[in-house]
Each structure stands twice: as C-alpha cells, then as structure tokens.
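Colleague: Can you read through this structure? Questions will come right after.
The values are calculated or read from the model by the stated rules, or taken from the named source; none is laboratory data. Keep in mind it's a predicted model, so treat the numbers as computed, not measured. Note that each Cβ is placed from the backbone with ideal geometry, even for glycine, and that neighbours are counted across all protein chains shown. Just so you know, the surface numbers come from the protein's heavy atoms only, side chains and all, with ligands and any DNA or RNA stripped out. Shrake-Rupley method; radii C 1.70, N 1.55, O 1.52, S 1.80 Å.
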Amino acid sequence: MTPAPTLINWKRNLFVAWLGCFLTGAAFSLVMPFLPLYVELLGVSSPEKLNIWSGAVFSIIFLFSAIASPIWGGLADRKGRKVMLLRSALGMAIVMMLMGPAQNVWQFLVLRALLGLLGGFVPNANALIATQVPRNKSGWALGTLSTGAVSGALIGPLIGGLLADLYGLRLVFFITALVLLVCFITTVLFVQERFTPVPKKDMLSGRQVLASLKNPRLVLSLFVTTLIIQVATGSIAHILTLYVRELAGSSQNLAFISGMIAAVPGMAALLSAPRLGKLCDRVGPESILISMMALSVLLLILMSFVQAPWQLGLLRFLLGATDGALLPAVQTLLIYNSSSQIAGRIFSYNQSFRDLGNVSGPLLGAFISASYGFLTVFFVTALVVMFNVVYSWWSLQRSAARISCLMIER
C-alpha cells in the first residue's frame, strides 16, 4: 500500500497533475476542429465517405481507450500511477508525431486507434490524487483536477484552428506532440509518488478486486452513471449546430453562435467544479450526485421548448454547471467504496465506461434525430438520465441500509 505523502506533496502533485490534464486535454482537442479536413487531405473526397471516415477517426480513439483502460489500470496498481502517467504522455507524443506525415486515411485510422490504446493520463492522474489527498478534501481535489482537462479541451480547438490556418494541418500534429512532451517532462520532474511495486503473483485477480469492494453493486451503478453522463452529453452535441440553425433561421453567424453554445457547458463546469466539490465534501457526494442529475433532467426537457439560441445557451450553461459536479461526485464515491490497492483499476474501469458513453452518445443522438427529429433527442436523453437518477438513488439507499445493518450486527 502506498504510504501517505506529506501535505505539501499532495498539493504539489495536484497542481502538476492538473497541469498535465490541461496539456493532454489541449493536445487532444487541438486537432479536433480540422479532423474532417485532414481526412479529406489524405484522399477521401466524396461527401458520403468523408462523413463515414470522419466519424470513424473521431470515435475509434474512445473505443480502443475503453478496451485498454483496465489493462493500464492493473499495471498502475502493480507499478505505480506515476509510471503510467509517463507512459501515457510519452506514448501519445510519439503517436501524434507520426500522424503528421501520415500518407493515407488507413494509416491515420490506425494511429488514432493506437492513440486510444496508449492514452489514460486523466484516469491515472485521478487515481494518483485520490490515493494521496485527505478524505475530507477529496471532493474539492477531484473537482479541481477535473477542471484541468476541461480547460484544455476548451482552449485547444481555438489554438488548433489558429495554428492550422497559419502553418497548415500537418504541422499542428507536431506541435501537439511537443505539448505532450512538455507534459511528460513536468511529470518526470515534479510528480512524487512513494510506491512499492507489487509482484504479479501478489496482485488481486478480477474476482478478488470485486470481493474487496465494500459494495460491488454500488460501484457498478457508479460506472453506469459515468456512462450515462457521457451519453447525455454526446447525444446532444451531435445535433447542436443543426438545432441552432433551426432556432436562428438565416443567421450569417451560425458557426460562431454554435461554437459559443457548444463551449458554454465547459465554461460552466470550469467555474462550478471546485465550488461544488467543496460542497460535496460538506454535504456528501450522494446528495450532490442525485440532486444534480435530477436538475439536469429538468434542463434537458426545457431545451426542447426554447425559441431562441440565447435560451439554449443559457440552459446549456446551467447543464454544464451540473455536469461539473457529477463526475467528481462519482469519483469521490468510488474512493469511499474501494481501497488504494485497487484504485488504479477502479478508475480505469470507470474510464472505460466513460469512453463507451462517448461512443454510444453520438450514435444514439444521430439515430433518434434522423428517425424522430431534434426535439425527441432531448426527451429521450432526459428519460435516460431520469432512469439513472432512480437507479442511483436505489443503489445508494441499499448501500446505506447495508452499512446500517453491519453497524447493528457489530
């Protein structure tokens, strides 16, 4: 088991991990604005094939990340979380550098899959901080850490689009590799972890991991909650520009308006996550999780009744504020219901469910919008989240009842 570091160490680690999450978030999103353009540059010309290939190169990274995350989580529990941070940053830097000179779309697709396989910086950063931070500050610490990737994802597309216009598409991949290399160097120099490697024969098996959990059913429900949070986000993102066009009519600033409305949830999450994290430490993550999910159901329903883009933007800002509390609340509950010995695997499993949500959310939104129209997407998404409110509340109540029974028996 990892010895607890001093107060100064975990605070410094939190800052450096935040910086690493910011840099990796920015690095990933730097290339997002022009992915379809790069696919076109690689020889895909027809509109139908361009849509298919663009969707494939976008989603394949999440699919392979979902597959690889449990493997890296197990290695993190054996070798330490810092080693996994270094592996992730350096591996992604090398792959990004190889994307620049890609000659065809098949090479690019394989490299995107490899990027998903070698990723995992954020979940390992969460596991590192979760096992070091004092328990009564875990909500604030994880909420603060979550703002790193959000900040990077917000600023990345702006910088990436500017760099692509100034220097061309291929050079952005080399710049992105350099950003990831900076992340690797800062992690080498400043992250501290006192970790004794665990021999493979002493590692807990998957069945033993489940047996070591205080409440396996609750942990599974938290994984499902993470998936549904991402499904709810992705199902709407896919139709956002088209819905804004329907609301705005013949506006000449459609791209700008859509970009602003797409960005406001991230801005709101950035502002709300540390504050709601502190509230989570005071009132408990259970209350925050249920109340914020219930509020998001209401906001999703209201989005289907808006008459102007500014109304949609306001509701999405509020939705982003609720999302800023949800994932840190889930992660805090995961800490409460698992040990530091298996933290790497627990957070990696959670990342796998998050990646599956990132893949299935846009597919769900695309299918429903094509079959039943834009407004139905909001109602179906609200229904999915409402199901999860009930399921999470039931799981938390069962957990509380189980703890009460154990206390009475003692």
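Colleague: Arranged from highest to lowest average of other beta-carbon atoms within 10 Å per residue, in what order do the peptides 99-110, 53-64, 361-372 appear?
Modeller: Ranking, from highest mean packing down: 53-64, 361-372, 99-110.
Colleague: Okay, moving on. Run the dipole for the range 77-157 about the Cα centre, Lys and Arg Cβ at +1, Asp and Glu Cβ at -1, nothing else charged, and hand back the magnitude in debye, nearest 20. All intermediate terms of the calculation are to be shown ahead of the outcome.
Modeller: On the way: 8 positive and 1 negative charges, 66 e Å.
So the magnitude is around 320 debye.
Colleague: About its Cα centre, how strong a charge dipole does the chain have in debye, to the nearest 20, once Lys and Arg get +1 and Asp and Glu get -1 at the Cβ? Spell out each step's value before the answer.
Modeller: Details: 28 positive and 12 negative charges, 280 e Å.
Taking the Cα centre of the chain as origin, the dipole is about 1340 debye.
Colleague: Follow-up question, since we're still on this one. Between VAL390 and GLN311, how high is the FRET efficiency from 1/(1 + (r/R0)^6) when r is the Cβ-Cβ distance and R₀ = 45 Å? Nearest 0.05.
Modeller: On the way: r = 28 Å, r/R0 = 0.63.
After rounding to 0.05, the efficiency reads 0.95.
Colleague: Take the solvent-accessible surface of the protein heavy atoms, probe 1.4 Å, and return the percent of it on the chain that carbon and sulfur atoms account for.
Modeller: Roughly 70 percent, rounded to a whole number.
Colleague: Could you work out how far apart the two model spin labels at VAL188 and LYS278 are, taking each label as a point 7 Å from the Cα in the direction of the beta carbon, and quote it in nm?
Modeller: Result for the modelled spin labels: 3.8 nm.
Colleague: Turning to a different aspect of this structure: Which order do the peptides 182-191, 209-218 take when ranked by the mean count of other beta-carbon atoms within 10 Å per residue, highest first? Mind showing how you got there, number by number?
Modeller: On the way: 182-191: 17.4, 209-218: 15.7.
Per-residue Cβ counts within 10 Å, averaged per peptide and sorted highest first, yield 182-191, 209-218.
Colleague: Probe of 1.4 angstrom, ligands and nucleic acids ignored: what's the accessible area per residue over the chain, in square angstrom?
Modeller: 46
Colleague: Could you work out [θ]222 nm for the chain from helices alone, using -39500 (n - 2.57) per DSSP H run of at least four and dividing by all its residues? Round to the nearest 500 deg cm²/dmol. Could you put the intermediate results ahead of the total?
Modeller: On the way: 16 runs with 340 residues, N = 410.
Rounded to the nearest 500, the figure is -29000 deg cm²/dmol.
Colleague: Can you give the percent of C-alpha pairs in the range 7-106 whose distance is more than 22 Å? Don't jump to the answer; show the numbers that get you there.
Modeller: Values: 2182 of 4950 pairs.
More than 22 Å apart: 44 percent of the Cα pairs in the range 7-106.
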